[in-house]
Amino acid sequence: MSEHRRVGEGVDLPPDHRPATRGDAAALAQLVNLAGEGLPYYLWSGMAAGGESAWEVGAERARRESGGFSYRNAIVREQDGEVVACLIGYPLPDPPPPADYSGMPAMFVPLQQLEDLAPGTWYVNVLAVLPGHRGRGYGGVLLDLAREAGLAAGSAGLSLIVADTNSGARRLYERNGYRERARRAMVKEAWQNPGREWVLLVREA
């Protein structure tokens with residue numbers, strides 16, 4: 001991923017929202033796994049070594065200064081001092097890198113293919129709210145912030161990927177102007193999930 005401004009720059013954050021810090025890494029790992037329906041935990045489990053837990057791997061990745069899950073790409077919402085929701089996103093390159101998936105793990109290929117179909121958009125990589133805090137409109141506020149971040153970055157609209165079985169999330173996205181552009185079959189290996197396809201949704205600028 002290319003270098004770019006931090007996600008909170010140029011965005012007027014409402015009360016209880018702030019740019020994430022390295023200290024939020026453990027909370028971000030939990031939220032990333034919620035948004036990914038357990039796929040991140042499955043991948044982190046395979047990366048763990050030397051007595052590390054999957055959660056420790058996820059938190060370490062969130063502490064990085066670069067990469068899709070870096071804290072630098074995250075805005076969090078706090079409630080009574082606890083991180084209860086987050087948005088992680090960044091601009092996708094336009095044009096996308098040359099399409100060579102030969103060295104990529106098979107599970108990632110359909111996701112990368114879909115990303116490559118939305119060049120120049122601001123990509124909502126993660127939108128997650130802890131279960132006990134859902135139904136309060138937090139997701140909608142974070143989607144509004146994603147739109148502001150996309151405008152601040154000069155992106156040509158917004159994009160995200162959702163599992164075909166995640167009907168609740170898809171209803172939220174469609175209420176906010178996202179429309180289906182493409183689908184790719186999931187590659188699951190040993191990951192347990194009822195979905196069959198990844199769905200790319202795009203909101204025009």
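Dipole check for the chain: with +1 at the C-beta of Lys and Arg, -1 at the C-beta of Asp and Glu, and the Cα centre as origin, the magnitude is about 380 Debye. Between region 167-187 and region 141-156, the C-alpha centres lie 18 angstrom from each other.
Calculated on the Cα set of the chain, radius of gyration then Dmax: 16.0, 47 Å. These residues, SER159, SER53, go from largest to smallest accessible area, 1.4 Å probe, as SER53, SER159. When a/c reaches 1.5 or more, the comparison of a/b and b/c decides; with that in mind, is region 31-144 rounded, prolate or oblate per its Cα gyration tensor? Oblate shape, in that a/c is at least 1.5 and b/c is the bigger or equal ratio.
Kindly report the accessible area of the chain per residue (heavy atoms of protein chains, probe 1.4 Å, no ligands, DNA or RNA), in Å².
Details: 9980 Å² over 205 residues.
I get 49 Å² per residue for the chain.
Phi angles across region 150-166 convert, under the Karplus curve 6.51 cos²θ - 1.76 cosθ + 1.60 with θ = phi - 60°, into 3J(HN,Hα) values of x, 5, 4, 8, x, 6, 8, x, 10, 8, 7, 10, 9, 5, 5, 8, 8 Hz, Gly and Pro given as x. Of the solvent-accessible surface of region 1-142, computed with a 1.4 Å probe and all protein chains present, 51% belongs to carbon and sulfur.
The values are calculated or read from the model by the stated rules, or taken from the named source; none is laboratory data. No experiment lies behind these values; they were computed from the predicted model shown. With ideal geometry, Cβ positions are generated from the backbone for all residues, glycine too; neighbour counts draw on all protein chains shown. Heads up: the accessible areas ignore ligands, DNA and RNA and are worked out on the full protein's heavy atoms, side chains in. Shrake-Rupley method; radii C 1.70, N 1.55, O 1.52, S 1.80 Å.
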